[in-house]
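Every number here is computed from the coordinates shown, using simple stated rules; none is lab data. Please read all numbers here as calculations on a predicted model, not as lab measurements. Note that we place each Cβ from the backbone using ideal geometry, even for glycine, and neighbour counts take in every protein chain shown.
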């Protein structure tokens, strides 16, 4: 399996990119122990993006992204050939989320996810254990971010413990 491209559309500090790689791998490891890393940071473009053939592993060398200021559609056009990719943007720096991009007939689809969910979602999409529409639906019910924790009680979930009886 080829690594999934990771592209930065903002000046994302190297530490944030490394946290993304580590958190995404840790999230996949929680589901499937011994999962290999499969995210590759794209640092150069020569007409089309030069997607590394091996996964990126921290520590990373500082780099300047060739995708600064580009839309998801523009980034995807550079990495055509990849069915799925991840984008780190300004919001990634602020809240630890990434944008997953999928190629679809007539364009692309995007969904925002937590760093921890990114690798296992990309893998699940690739092997068709879940669909992009399904991920978008879950994200929509979680405030727009897949994997975001909701602090409010959920219908059908366990009830909070209550103390019965006297004071």
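Things to note:
- Residue check, residue 82 out of contact with any helix residue (DSSP H, G or I) (no Cβ under 6 Å at 6 or more places or on another chain) and buried (at least 18 other Cβ atoms within 10 Å of the Cβ): yes
- Some residue of the range 26-45 being in contact (Cβ under 8 Å) with a residue 40 or more places away in the chain, surrounded by 22 or more Cβ atoms within 10 Å (Cβ to Cβ) and within 17 Å of residue 1 (Cα to Cα): yes
- Among residues of the range 94-143, those that are crowded, with 16+ Cβ neighbours inside 10 Å and assigned to a helix (DSSP H, G or I), counted: 16
- Test: residue in the range 62-77 that is surrounded by fewer than 21 Cβ atoms within 10 Å (Cβ to Cβ), more than 16 Å from the chain's Cα centre (by Cα) and closer than 15 Å to residue 121 by Cβ: no
- Pairs, first without any contact (Cβ under 8 Å) to a residue 60 or more places away in the chain in the range 61-82, second in a helix (DSSP H, G or I) and surrounded by 13 or more Cβ atoms within 10 Å (Cβ to Cβ), C-beta under 7 Å, six or more apart: 62/14
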